[in-house]
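Below you'll find the structure, written out as structure tokens, and then a few comments.
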Amino acid sequence: MWLLLAFSSALLLGFYDAFKKQALTANAVIPVLFLNTLFCSLIFIPFIVLSKTTHCLDASIFHVAWGTCAMHKYILLKSCIVLSSWIFGYFAMKHLPLTIVGPVNATRPVMVLVGALLVFGERLNQWQWIGVILAIISFFLLSRSGKKEGIDFKHNLWVFFLVLAAILGAVSGLYDKYLMAPVTHGGVGLDKMMVQGWYNIYQCVMMFVMLLLLWYPRRNRTTAFHWSWSIPCISLFLSAADFLYFYALSQPGALIAVVSMVRRSSVIVSFLFGAAVFHEKNLKGKSLDLALVILSMLFLYIGSR
């Protein structure tokens, strides 16, 4: 069950990346990101209110636990991590081809595994080491493909932002494992809907402050903002993808490493969008890079079973 949920989350995440690229094209990043967090919050506020004031959602998968102040501190930290990843990732997405962003983001499970090795003391087996090596090779090949489009991975600010976003995303994945794990297994044991609902609200508040302090005073000197119907689609597909992701993690026997890897198969959907909708270049070379990324994920999956 949790594996099917992870694949469904991956499919929705691929559409999320495509709509995000479309919304950010020749558009101001901070307002788009703020509206994304706003629409995500508006999706979950009714569930929070109904859960607090009525009993109609009791015992359903949409019930949002209220939680203590100590629990909300954990969620606030998650909001800071995710929002930092999004800020770097959105700027990178705006300035880089989707067919490069997708494969680089798909290496996040490797970072999660390395993080699990360093933080949780987990040991990688032979299959997982092969997957890590293949991911490193694919990243090197991607840098060669990028050079053909004038993108130097060593000196390009947006590539640095993309890698930083991927690292922070991996940190968020490891933190999710800690948040969702039962107290008896060393975790916090938070309710999945409470985490998803409140971390979106906290992000919205933080982005509103950034909008007022950073973007609004300089709005006439930077890229102009224009409305796109892709913006609410970002929130809709992201919320649905995250809901299935958290629901998958809450299932008995769910493996964070496997869920993270399956979730990154969204790169196939985003790559196809980059080719068919955005007509990006050098697809033949990038297809080989993508194949190596998928192969590395396959080895990681085998090693994590």
(message) All but one of (1) buried (at least 20 other Cβ atoms within 10 Å of the Cβ); (2) under 14 Å from MET193 (Cβ atoms); (3) among the charged types (D, E, K, R) hold for LYS52; state the number of the condition that does not hold.
(response) (1)
(request) For region 2-17, indicate whether the set of residues that are within 30 Å of ALA275 (Cβ to Cβ), in contact with a helix residue (DSSP H, G or I) (Cβ under 7 Å, 6 or more places away or on another chain) and charged (D, E, K, R) is non-empty. (result) yes
(request) Identify all residues within region 174-187 that are open to solvent by less than 60 Å² (accessible area, probe 1.4 Å) and either in a loop (DSSP other than H, G, I, E, B) or under 14 Å from LEU77 (Cβ atoms) (or both); write none if there are none. (result) LEU174, TYR175, ASP176, LEU179, ALA181, GLY186, GLY187
(request) List every residue pair whose Cβ atoms sit under 6 Å apart, with the two residues 6 or more apart in sequence or on different chains, where the first one lies in region 103-123 and is part of a loop (DSSP other than H, G, I, E, B) and the second, anywhere, is at pLDDT below 70 and open to solvent by less than 20 Å² (accessible area, probe 1.4 Å). (result) GLU122/ALA116
(request) Assess whether PHE140 counts as being surrounded by fewer than 21 Cβ atoms within 10 Å (Cβ to Cβ) and farther than 24 Å from ILE302 by Cα. (result) no
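Considering only region 18-28, how many residues are in a helix (DSSP H, G or I) and open to solvent by 10 Å² or more (accessible area, probe 1.4 Å)?
Matching residues across region 18-28 total 4.
Each row is one residue, and each column tells you yes or no for (1) of a type in the set (Lys, Arg); (2) within 30 Å of CYS80 (Cβ to Cβ).
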{"residue": "GLN196", "(1), (2)": "no, yes"}
{"residue": "ARG221", "(1), (2)": "yes, yes"}
{"residue": "ALA241", "(1), (2)": "no, yes"}
{"residue": "SER260", "(1), (2)": "no, yes"}
{"residue": "ASN282", "(1), (2)": "no, no"}
{"residue": "LEU292", "(1), (2)": "no, no"}
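Residues are listed down the side, and each one gets a yes or a no for (1) part of a helix (DSSP H, G or I); (2) open to solvent by less than 50 Å² (accessible area, probe 1.4 Å); (3) touching a residue at least 12 places away in the same chain (Cβ under 8 Å):
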site: SER8; (1), (2), (3): yes, yes, yes
site: ILE30; (1), (2), (3): yes, yes, yes
site: PHE34; (1), (2), (3): yes, yes, yes
site: ILE43; (1), (2), (3): yes, no, yes
site: VAL64; (1), (2), (3): no, yes, yes
site: SER85; (1), (2), (3): yes, yes, yes
(request) Mind counting the residues in region 188-218 that are outside any helix (DSSP H, G or I) and surrounded by fewer than 15 Cβ atoms within 10 Å (Cβ to Cβ)? (result) 1
(request) Answer with yes or no whether ASP289 is in contact with a Pro (Cβ under 8 Å, 6 or more places away or on another chain) and either assigned to a helix (DSSP H, G or I) or farther than 27 Å from PHE39 by Cβ (or both). (result) yes
(request) Among what's in region 219-251 and is in contact (Cβ under 8 Å) with a residue 60 or more places away in the chain, open to solvent by 30 Å² or more (accessible area, probe 1.4 Å) and not in a helix (DSSP H, G or I), pick the residue that is farthest from ALA28 (Cα to Cα). (result) GLN251
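The values are calculated or read from the model by the stated rules, or taken from the named source; none is laboratory data. For clarity, every value in this text was computed on a predicted model and none was experimentally measured. FYI the Cβ positions are ideal-geometry reconstructions off the backbone, even for glycines, and counts take in every protein chain you see. All accessible areas refer to the heavy atoms of the entire protein, side chains included, with ligands and DNA or RNA removed. Shrake-Rupley method; radii C 1.70, N 1.55, O 1.52, S 1.80 Å.
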